[in-house]
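Written below as C-alpha cells is the structure these notes are about.
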Amino acid sequence: KLTIKAPRDQYFKAQAFYEQGMEIIAAKKSGFEPLLRESAAEYRKLCETWKDWAEVSGSYYNESCCWSLCNDVDKAFEAMERAIDAGYGKDNGEIAHMEKNDTDLANMRKDARWEALVKKIKTKWEK
C-alpha cells in the first residue's frame, strides 16, 4: 500500500491503475473499467488536494482519458474542461496531441461536443 505524502505519490498511484487497465485492454479482455475508474478518481483526488502542483492540468487530462476509455464521455468532457482551465494546451504540442494523436480520447472525438472543445483550447492557447 502506497502512503500518499506528496502529489507525485498520488500521481504514481493513479498511473498504476491506468497501466493495469491498459494491459487488460491490450490483451483484448474485459474488466478494465474498474481500474480506469479508480485511476480517474485518484487523478481527481490529486488535483483537488494539490491544486498548485505544476502537473494539475496534465492530471485532469489523464482523468479525462480514463473516462473516455470507459466511454463515460460526460465525465471525460468535464475533466478535459478542467484540464484546459488549469492550463492544458499552453505547452508546445499539447493541442495537437489532444486533437489528433491521443487514442485514449477516441470516444470523445465521436461526440458532438468535441469540435467546440477543440475550438475552446485553440482560442485560449494558440497565438
Cα→Cβ-extended label distance, 7 Å offset, between R113 and E48, nm:
1.8
Just K90, K75, K110 to compare: in a GNM of the chain, with alpha carbon springs under 10 Å, which one fluctuates most?
K110
Regression test value, accessible area per residue of the stretch 1-100, probe 1.4 Å, units Å², expected 54
Could you tell me the relative contact order of the stretch 55-116? Use alpha-carbon pairs under 8 Å, at least six residues apart, and round to a whole percent.
39
With the crude spin-label approximation of a point 7 Å out along Cα→Cβ, what separation in nm comes out for E23 versus N71?
2.5
tail above 20 Å in the computed P(r) of the chain, as % of all Cα-Cα pairs, reads 42
Cut-off 11 Å between beta-carbons: net charge of the residues surrounding Y11, Lys and Arg +1, Asp and Glu -1:
0
Report the relative contact order of the chain, percent, no decimals, based on alpha-carbon pairs under 8 angstrom and at least 6 residues apart.
19
Residues with beta-carbon under 14 Å from that of Q20, excluding Q20: net charge, scoring Lys, Arg +1 and Asp, Glu -1?
-2
Below 14 Å Cα-Cα, how many Lys pairs turn up in the stretch 1-46? Only count pairs eight or more apart in sequence, or on different chains, if you could.
4
Quick check on packing: order 58-67, 9-18, 93-102 by the mean number of other C-beta atoms within 10 Å, highest mean leading.
58-67, 9-18, 93-102
Neighbourhood charge, 13 Å Cβ-Cβ cut-off, centred on S39 and excluding it, Lys, Arg +1 and Asp, Glu -1
-3
Is it possible to state the helix-based mean residue ellipticity at 222 nm for the chain, with each DSSP H run of 4+ residues giving -39500 (n - 2.57), the sum divided by total residues, to the nearest 500 deg cm²/dmol? What is it?
-20000 deg cm²/dmol
Counting only protein heavy atoms and a 1.4 Å probe, tell me what percentage of the chain's accessible area is made up of carbon and sulfur.
50
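The values are calculated or read from the model by the stated rules, or taken from the named source; none is laboratory data. These figures come from a predicted structure and were not determined experimentally. Backbone-built Cβ (ideal geometry, glycine too); neighbour counts: all protein chains shown. All accessible areas refer to the heavy atoms of the entire protein, side chains included, with ligands and DNA or RNA removed. Shrake-Rupley method; radii C 1.70, N 1.55, O 1.52, S 1.80 Å.
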